[in-house]
Structures are given as structure tokens and as C-alpha cells.
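These notes are about the structure you will find just below.
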Amino acid sequence: MKKVVKFGGSSLASAEQFKKVGNIIRAEESRRYVVPSAPGKRFSADTKVTDMLYQCYETAVSEKDFKAQLDAIQARYQEIIDGLGLPLSLDAEFDVICENFKKKTGEDYAASRGEYLNGIIMATYLGYDFIDATDVIFFDEEGNFDAEKTNDILSKRLENTERAVIPGFYGSMPDGTIKTFSRGGSDLTGSIVAKAAQVDVYENWTDVSGFLIADPRIIQNPKPIEAITYKELRELSYMGATVLHEDAIFPIREEGIPIHIKNTNAPEDAGTLIVEATCRHPKYTITGIAGKQGFASITIEKAMMNSEIGFCRKVLQVFEDNGISIEHMPSGIDTMTVLIHQTEFEEKEQKVLAGIHQAVNPDSIELESDLALIAIVGRGMRSKRGTSGRIFSALAHAHVNVKMIDQGSSELNIVVGVRNHDFENAIQALYDIFVNTRI
């Protein structure tokens with residue numbers, strides 16, 4: 001068996017955490033390729049090293065003295081090195097970083113140094129080869145990830161490398177400059193390495209024991225999700241479940257490589273297995289509940305709308321012309337409702353409304369703000385009759401008024417719209433009906 005293991009910032013925030021990670025890696029011979037993040041917070045009031053680097057570079061760009069800030073970053077790494085008792089000096093690396101900051105090499109370069117330096121420490125600690133991500137992760141001229149070139153070069157490199165550390169979060173542009181993924185992009189690097197190495201499992205180690213059925217800030221001690229499919233994960237991630245960078249599934253989905261979310265601080269916990277498909281029956285009818293607040297709805301009404309060819313296209317064109325993305329679009333015979341992020345819409349609302357009037361000449365337009373969307377997701381809903389009825393019953397019992405319902409054709413998810421002030425009450429009611437009562 002062969003595994004890629006990725007560790008998040010909280011898992012590598014201190015020497016103590018590094019030792020936990022070392023024990024995890026050495027516990028299985030199969031953990032051959034390691035993708036580290038930059039050191040995260042050691043305690044709640046601490047600052048992540050990536051944020052320290054951004055701040056330091058901003059000072060450098062302003063042509064102010066940034067030495068104290070850079071020294072503080074080096075001290076963070078030295079604390080880890082000393083705690084591990086490693087014969088390693090990063091002085092030369094920090095001299096290079098200092099010169100590049102003076103040259104204003106770029107924000108992406110600055111941010112990437114967190115993973116780069118942690119990768120050097122990790123490789124030294126484990127006795128693994130160090131592979132700089134700039135040599136194996138590539139972006140094209142437009143700054144888009146170049147999957148084909150990366151997979152070709154990285155797979156060849158790993159063929160001849162028994163064990164290696166590859167820093168997450170960054171790669172290189174065709175001209176050699178450094179380019180980063182979005183925040184949380186180390187998850188994506190781990191997925192890219194897993195595909196190139198054709199591993200059996202991609203283990204993603206973080207500070208939680210996998211995905212939970214609901215947000216623990218709303219539900220006290222929610223049950224864990226033992227297994228979840230890629231499709232279910234996409235639905236929940238879209239609605240705010242953030243244990244894993246949502247793009248991380250794409251490089252390995254076509255390879256059928258499972259992702260195992262594990263807890264560095266509780267390695268004995270089962271975690272969550274993310275797979276393409278599974279015969280495992282979910283413990284509950286639903287797999288998870290997730291939601292977001294801050295939506296608005298625009299309901300357009302026009303008699304005989306359904307017989308007017310191109311009506312929906314014309315309405316959607318107005319939103320596209322104004323650069324507004326659409327979240328959901330439930331419709332009736334003579335009505336269609338468009339749900340969008342309220343903050344995106346507010347500054348352009350009058351322009352959009354005028355555009356809709358000009359495009360389709362509606363009988364009326366109704367606006368509603370301060371809405372929340374909640375997704376109830378689960379492969380088990382396909383075989384369970386009455387799921388929608390139980391949702392409505394639970395919400396009615398909790399005195400929550402449903403403003404909208406939208407069910408996907410895959411029968412994998414049901415999205416309900418409620419008022420922002422009913423958001424947490426609605427999630428509690430849904431959790432109670434599907435998990436606490438096990439209906």
C-alpha cells in the first residue's frame with residue numbers, strides 16, 4: 001500500500017505537534033509522500049505564519065523596515081527546530097527571502113515561504129527527500145493550474161523517489177515565478193501528489209476527526225460522518241462545510257482514490273472516508289446538514305410565462321450582464337425565483353430590476369432579503385420515502401416558516417430557504433428529526 005499524507009497548519013504549529021506528526025508517519029510504512037502546510041496557530045490568540053508573511057511583505061512593499069517582522073517569523077521556525085533537536089539552520093533561506101522582499105518579488109512568493117520552510121524542516125526531521133513544489137507543480141500563462149504538465153513531470157519524479165516531502169499551496173509559472181493556490185490550497189497539492197503517485201489512499205490530517213453531520217457551533221457534539229461520497233461532499237462544501245478545500249477532490253476523483261480525513265491529535269479516531277461510491281448504508285437517512293446566510297430572492301411573475309420561449313434565458317442574461325452569480329432558481333408555471341448573495345445584489349439591485357423589466361416585461365417583481373439556505377444532503381434519501389414531509393414537519397414544529405424548497409434531480413439533496421433569524425433553529429430541528437430520533 002502507498003499513501004500521501006497532508007498535514008494542516010494546526011498539525012504543524014509547534015515542535016510538539018511535529019512530533020505527533022512524525023509518530024503518525026512512522027507508524028505506517030505506506031505513508032511515503034508528505035505534504036505540509038505552513039505553521040498555524042499554537043493557541044487561539046496566535047498568528048498563522050502565512051499571515052505573518054503577508055504582513056511582513058506588505059511592510060517591505062511600503063519600503064518600511066521589516067526586519068523585526070522577518071526575525072519573528074524566523075524565530076517561529078527556530079523554536080520548532082530547537083524543539084526537535086535538528087542540526088538545521090535556515091539562516092541562508094531567510095537571507096534569500098529578505099533580498100526577495102526588498103526586490104518586491106510578489107505576494108505569492110511571500111505567502112509560499114511558509115510551506116517551503118516547513119517542508120525543509122519536515123524532510124530533515126523524517127529523513128525524506130525534499131522536492132520543491134516549484135519544480136513539480138505548474139501553472140500556465142494565465143495563472144491556471146496546468147494539470148497535464150504537472151502530472152507528467154511529478155509522476156516521473158516520484159517514480160524514482162521512495163519517500164519525499166512536497167510543500168503544499170504553491171507551484172511555478174512558466175517564467176519561474178511562484179504562484180499560489182487559494183487559501184487552503186495545500187489540500188489541493190495533496191490531491192495532485194496522490195494522483196501523480198497513484199497511491200491507494202490520500203490521508204488529510206487536520207485538527208478535527210473528519211466531517212460532522214452539522215456545524216458544531218450550532219449543534220452540540222454532532223455525530224461524525226463515517227463515509228461520504230464526492231457528490232455529497234461537494235453539496236456540503238458548497239454550503240459552507242470547510243474541513244477540506246472543495247477543489248481537492250477533482251484531481252483524484254477520476255482515479256478513484258479515496259480521501260481519509262483524520263485528526264492529528266486523536267489518530268485513533270475513525271475519521272471520515274471520502275469515496276466515489278460506496279455500498280455502505282449511511283447510519284442515518286441524511287449524511288449531513290449545512291447552510292449559509294445572507295441571500296436575497298427576486299420573484300418574477302408573468303402570465304403565460306411558461307409558453308414564452310427564451311423567458312428564463314433573458315432573465316438570467318440580466319444577472320450575467322451585471323456580474324451576479326445565481327445560487328438557485330425554483331420556478332412555477334407563471335413565476336420564477338432567482339436566489340443570489342444579498343451583498344452582491346444590493347449595489348446593483350436597481351440596475352438589475354430595470355434590466356428584467358426591459359428584458360421580459362413582467363407583471364410584477366417581488367424582492368425578499370435576509371434569507372438563509374440550508375442543504376439536507378444524503379444518498380440515503382433516495383430510498384427513504386417521506387423525507388420532504390419530515391423536513392417540513394420538523395420545521396413547522398419548530399415554528400420555522402419555509403420560504404423556498406428546491407430538490408435536485410439526483411435526489412441527493414434538498415435545499416430549503418428560511419429567514420436568517422430562523423437559521424440555527426431550523427438546523428437544530430432538522431438534526432433532531434433525522435439524527436436524534438433516527439427517523
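The values are calculated or read from the model by the stated rules, or taken from the named source; none is laboratory data. Values in this document were obtained by computation on a predicted structure and should not be read as measured data. Neighbour counts run over all protein chains shown; Cβ positions are idealised from the backbone, glycine included. To get the accessible areas, we keep the full protein, side chains included, count just its heavy atoms, and leave off ligands, DNA and RNA. Shrake-Rupley method; radii C 1.70, N 1.55, O 1.52, S 1.80 Å.
Just from its helices, what would the mean residue ellipticity at 222 nm be for the chain, if runs of 4 or more DSSP H residues each count -39500 (n - 2.57) and the sum is divided by every residue, rounded to the nearest 500 deg cm²/dmol?
Result for the chain: -11000 deg cm²/dmol, rounded to the nearest 500.
Multiply the residue separation of D46 and K223 by 0.36 nm, subtract the distance between their alpha-carbon atoms, and state the gained length in nm to one decimal.
This chain segment gains 60.8 nm when fully extended.
How many percent of the accessible area of the chain is carbon or sulfur, using a 1.4 Å probe?
46 percent
Given the Cα-Cα distance of E63 and H341 and 0.36 nm per residue of separation, how much length would full extension add, in nm? Spell out each step's value before the answer.
Details: separation 278, 0.36 × 278 = 100.08 nm, distance 3.84 nm.
Gain on extension, E63 to H341, equals 96.2 nm.
Greater than 29 Å separation of Cα atoms is the criterion. Which listed pairs, K41/K262; K41/K104; K20/K104; K179/K351; K104/K156, meet it?
Working: K41/K262 19 Å; K41/K104 27 Å; K20/K104 37 Å; K179/K351 37 Å; K104/K156 34 Å.
Going by Cα-Cα distance, K20/K104; K179/K351; K104/K156 fall outside the 29 Å limit.
Select from K223, K351, K48 the residue whose mean-square fluctuation is largest in a Gaussian network model of the chain (Cα-Cα springs shorter than 10 Å).
With Cα springs under 10 Å in the chain, the top fluctuation among K223, K351, K48 is at K351.
Counting heavy atoms of the protein chains only and a 1.4 Å probe, report the per residue accessible area for region 85-219 as a whole number of Å². Mind dumping the intermediate values first?
On the way: 5540 Å² over 135 residues.
It amounts to 41 Å² per residue over region 85-219.
When Rg is the radius of gyration of the Cα atoms in region 61-210 and Rh is its Kirkwood radius, what does Rg/Rh come to? Don't skip to the answer; put the middle values down first.
On the way: Rg = 16.2 Å, Rh = 16.6 Å.
Rg/Rh: 0.97.
Using a simple spin-label model with points 7 Å from Cα along the Cα→Cβ vector, what separation in nm is obtained for S393 and K104?
6.5 nm
Can you give the net charge of the other residues whose Cβ lies under 13 Å from the Cβ of P216, counting K and R as +1 and D and E as -1?
On the way: positive: R217, K223; negative: D207, D215, E424.
Within the 13 Å Cβ shell, the charges total -1.
Per residue, how many Å² of accessible area does region 365-432 show with a 1.4 Å probe? Please list the in-between numbers first.
Numbers: 3140 Å² over 68 residues.
Value for region 365-432: 46 Å² per residue.
Rounded to the nearest 0.05, what FRET efficiency do L86 and M1 have when you use their Cβ-Cβ distance and R0 = 30 Å? Intermediate results must be reported in sequence, preceding the final value.
Values: r = 29 Å, r/R0 = 0.96.
Computed FRET efficiency for L86 and M1: 0.55.
If R0 is 51 Å, what FRET efficiency do you get for D247 and A303 from their C-beta distance, rounded to 0.05?
Working: r = 43 Å, r/R0 = 0.85.
Computed FRET efficiency for D247 and A303 comes out at 0.75.
Does region 18-58 come out rounded, prolate or oblate, given a ≥ b ≥ c as the square roots of the eigenvalues of its C-alpha gyration tensor, rounded meaning a/c under 1.5 and, failing that, prolate meaning a/b above b/c? Spell out each step's value before the answer.
Working: a/c = 5.88, a/b = 2.20, b/c = 2.67.
Oblate, since a/c reaches 1.5 and b/c is not below a/b.
For I326 and T161, calculate 0.36 nm times their separation in residues minus their Cα-Cα distance, and state this gained length in nm to one decimal. The partial results should precede the final answer.
Numbers: separation 165, 0.36 × 165 = 59.40 nm, distance 4.58 nm.
Computed gain between I326 and T161 is 54.8 nm.
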